[in-house]
Amino acid sequence: MAKSRKPSLLQRLAYGWRKKAITTIGNIELIKRLQQLVDSKEGEYWRERYSPYQPPLVPDQALLFEKAKQFALEQLEAQDHAFSLTEVDAALNDISCQMDEEVHRVAGTASHIIMGHFFQHQMENRHFCSPDGREQAHAELLREYQKQGLGVVYLCNHSSHIDEFIVDEALDSLRLGMPLFAAGSNLMVLPNLNRVLKLGSYTVQRRASGRVYLACLFSYCRAISETGCQQGIFLEAWHGGARSRDGSLRYPRRLITLRGALALENRDLVIQPVAISYSIVPEDLYLAANGGAWGWVRGMGFWRSLGRLLLNPKWGLWRAGKGLYGRAYCTFTRPRLLSELKEMHAADVGGMSLDEFVALTAMKEVACAKKVMASQLVARGLIRARKDEHLSLSAALKQERDQLIEYHQATFGQAPDLEDFILNNDLEAVLNDGLKSLRKRKVLKLGKDRRGLPKVSSERALSFYATHGDRRLYSPTAKENVVVAGAGDLSYAWAYLIGNRTLEEKRYLNASFTLYDSRSEAATEMLRERSLTGLYQEFRLPKNVFITDDSTSAFKKANLVILAPPVDQLKEQIDACLRDVELPVRLVLITNGFDPVTHKLSFQVALEAVQGARVPVSLYALAGPVLESDLLKGMPGKVVLAGPTSGLREVGHLFRWPPLQVVVGEDPLGLHLATVLAEVYGVWIAYASLSKEAEGLSNPGSYATEASVEALAWAELFGAEKETFGSISPIWLASLSAVSLSKQALALASTMLKQQGKRKENLSLLFSNKLKPGAEEPEFSAKLTQSFISLKFHADRQGLSVPIFQQAYASLLGGGAGKS
């Protein structure tokens, strides 16, 4: 048994410090400290102006509990599920809000003081709002609905742990009451923090939730709506409430909290979308680049903070944090009644459930209303300038602003809500402000590169801020959702090409692009690094490619899926796609080769897998003599797309990015067969051209002619069209020549010849290794070995006469020379 590695001294110190910090925070009398802040000179302004919420805006906790219990019992009895009243009471006690009016008075006042101190506000008495009040333009309508006794559900985007407090602050300035937000049980581990969070939150267990607990959670959210109270739900609560780690607005998942909130009987409900915007996200590097908890205080400045601390030990650090997080805004779009949304849902042909329709409608409103901040616009401009050597940063910034305005006009029918600083200042001032924010957060560092552009400290953090200003990333308004599914270099290369190919084209402004990898760790790594570990890690995915390991979120709204998994995982991948997809879908099969168990071609496997699908499926094949490196490096090449004529050119347009050419055809099975045969015969031609085994046929041109004759025999055997293998075919001869002359094939042939006589010429061994350490391209994979084996299986089974193939098989896999 291997010995476990002892943690290093640094790791032990870090663990000990973290444990001590948690214990220290847990021992702090938080309420007492907040009271000291309220009573201090720093809190004088809000101490005089703040008053706690008054009934009926504060939920009646006893009424909520009893209503939730009633609904939970009805639900569990209807499900005929065994339960006890003790279980129900325990679950509801764990979930329920715990309002304490005295504690709330202290915590509420302190919250205003803290938010006013750490953010920069345009108006001292109204936080997170512009002077013209456009973020709160619909407040009177919301107030009128409240007067009618209607409950309200606030549906928000999720960027930071302090989102909830910002919404509370904005609502308090309007005297609209306090909604209850869901808080994960992991945030409740410290009793002091638990006491404060429970004032305006109910607890959600994110893991190991049984049926009784889920019924109680559903019923508690329903009770909030039924009693005319308010609740807030973060639409992007993927994987248990996670904030957006890449800055994107994501397609909302179905949430039990929202389903419960909408489960009303005989009364209406108000749906209020909320867009929260930051110039500085407090957890930026933590979310984007695993930057650690110190990110919360990044930008205070060590020496300045130390100096203030020495001069004033009690309030020095507090004063050093003044305006630390820059500007932030909370925008309330026009509220809608649930009855109105139900009418819209009834007319929708997408087949969505009501809660999904409501969430998606709200997310569209958020995408339209979320502000674009100076830091985000500058991050976008810097990324553009770094890609174009002829573009200055100022010019790139202007292009990004203009493109952003054009996108919003085309997508939402109105201009984007640029923050006041952008509207009221010239681009030079905007540039300086954005650079200042990004440097403050250690996204950029001091100094300039050879072109005079600011040096980047964290690529991921720069992308994070750029994405916050980009509504296209996995856009909830997408009319076309393209998914590249697979695990490895091939799927990554196509995602890279398609993302870059569509990034600047107006035709794809309203499309979303997703790279799906079922391996959670690999997807997380790519999401963090925006690149694939290995040979091609220098090629970073463009910002419009969303990465996920969640099958439902990837395929649910997909209408074009590019399949590039290994052949032996192809059926499983197609099954996962068709299980989750809800729209008619076009499947483009890039994977080619033979299944090792059934010896069927990849296209045959796919054809069987789509039979009886719930939704209409169109199946296409894409192939050509191009490598992953060709796609990533933008090398010239030609591929063939084959499939149903309807939609063929539209699908082909997605892949057409000069210097890559796309030719269309109508024989997808023949296309994949030609690709496989080109690899098999191409490797043998390379081998024969260097050896003396095939006497009289050492001319590769002669071999190519005879190989074409055999290819026609294979085509007839598999039911492919003979025209695919003709002399004018854009795939067969081109692929055959490309493989036979490739450095991989020639190096492989040379290696095998050197090893002759050592009994090590088995192809499966050679194909499993790289050509040499540090080789730029990976060698032909074991897939080629499988192609030889499967073709031999079919030839023997059908008695097919293919002497060149038989000779190649005998020499390369048979362990000895074949006969001509």
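Some observations on this one:
- All of 712, 669, 763, 697 fail the test of being open to solvent by 20 Å² or more (accessible area, probe 1.4 Å), modelled with pLDDT under 65 and touching a Phe, Trp or Tyr at 6+ places or on another chain (Cβ under 8 Å), apart from 697.
- Selection within region 786-809 - closer than 16 Å to residue 685 by Cβ, part of a helix (DSSP H, G or I) and open to solvent by less than 50 Å² (accessible area, probe 1.4 Å): 787, 788, 791, 804, 805, 807, 808
- Any chance residue 462 is at pLDDT 90 or above and either of a type in the set (S, T, N, Q) or closer than 30 Å to residue 571 by Cα (or both): no
- Residue 441 being open to solvent by less than 20 Å² (accessible area, probe 1.4 Å), in contact (Cβ under 8 Å) with a residue 60 or more places away in the chain, farther than 24 Å from residue 135 by Cα and not hydrophobic (A, V, I, L, M, F, W, C): yes
- The test for being more than 18 Å from residue 171 (Cβ to Cβ) and open to solvent by 10 Å² or more (accessible area, probe 1.4 Å) holds for residue 93.
- Residue 381 vs. criteria at pLDDT below 85 and either assigned to a loop (DSSP other than H, G, I, E, B) or buried (at least 16 other Cβ atoms within 10 Å of the Cβ) (or both): no
- Scanning region 403-420 for residues that are open to solvent by less than 60 Å² (accessible area, probe 1.4 Å), in a helix (DSSP H, G or I) and not hydroxyl-bearing (Ser, Thr, Tyr) yields 403, 404, 405, 408, 412, 420.
- Output for region 293-307, where each listed residue is touching a residue at least 12 places away in the same chain (Cβ under 8 Å) and surrounded by 13 or more Cβ atoms within 10 Å (Cβ to Cβ): 295, 296, 297, 298, 299, 300, 301, 305
- Qualifying residue in region 273-285 (condition: outside any helix (DSSP H, G or I), touching a Cys at 6+ places or on another chain (Cβ under 9 Å), buried (at least 16 other Cβ atoms within 10 Å of the Cβ) and hydroxyl-bearing (Ser, Thr, Tyr)): yes
- Subset of region 64-104 [in contact with a Lys or Arg (Cβ under 9 Å, 6 or more places away or on another chain), within 17 Å of residue 260 (Cβ to Cβ) and among the charged types (D, E, K, R)]: 67
- Residues of region 603-631 classified as part of a helix (DSSP H, G or I), open to solvent by less than 30 Å² (accessible area, probe 1.4 Å) and either closer than 19 Å to residue 739 by Cα or touching a His at 6+ places or on another chain (Cβ under 6 Å) (or both), total: 3
- Being open to solvent by less than 60 Å² (accessible area, probe 1.4 Å) and at pLDDT 75 or above holds for only one residue in 703, 687, and it is 687.
- Long-range neighbours under 6 Å by Cβ, at least six apart or interchain, first residue over 20 Å from residue 33 (Cα atoms) within region 308-324, second open to solvent by less than 60 Å² (accessible area, probe 1.4 Å) and outside any helix (DSSP H, G or I): 324/299
- Qualifying residue in region 478-487 (condition: under 20 Å from residue 400 (Cβ atoms) and not in a loop (DSSP other than H, G, I, E, B)): no
Per-residue answers, yes or no, for (1) of a type outside the set (S, T, N, Q); (2) without any contact (Cβ under 8 Å) to a residue 24 or more places away in the chain; (3) more than 30 Å from residue 374 (Cα to Cα):
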{"site": "262", "(1), (2), (3)": "yes, no, yes"}
{"site": "266", "(1), (2), (3)": "no, yes, yes"}
{"site": "274", "(1), (2), (3)": "yes, no, no"}
{"site": "291", "(1), (2), (3)": "yes, no, no"}
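- Residues that are open to solvent by less than 10 Å² (accessible area, probe 1.4 Å) and within 15 Å of residue 245 (Cα to Cα) within region 152-173 comprise 157, 159, 160, 163, listed in sequence order.
- Some residue of region 240-258 being in a strand (DSSP E or B) and touching a Gly at 6+ places or on another chain (Cβ under 8 Å): no
- Single unsatisfied condition, residue 545 versus (1) touching a strand residue (DSSP E or B) at 6+ places or on another chain (Cβ under 6 Å); (2) within 28 Å of residue 400 (Cβ to Cβ); (3) open to solvent by 20 Å² or more (accessible area, probe 1.4 Å): (3)
- Among the residues of region 533-561, not one is part of a helix (DSSP H, G or I) and touching a Gly at 6+ places or on another chain (Cβ under 6 Å).
- Region 86-128, residues that are closer than 23 Å to residue 331 by Cβ and part of a helix (DSSP H, G or I): 108, 111, 112, 114, 115, 116, 117, 118
The values are calculated or read from the model by the stated rules, or taken from the named source; none is laboratory data. In this text the structure is predicted, and so the values were computed from the model without any measurement. Ideal geometry is used to build each Cβ from the backbone, glycine not excepted, and the neighbour counts take in all protein chains shown. Just so you know, the surface numbers come from the protein's heavy atoms only, side chains and all, with ligands and any DNA or RNA stripped out. Shrake-Rupley method; radii C 1.70, N 1.55, O 1.52, S 1.80 Å.
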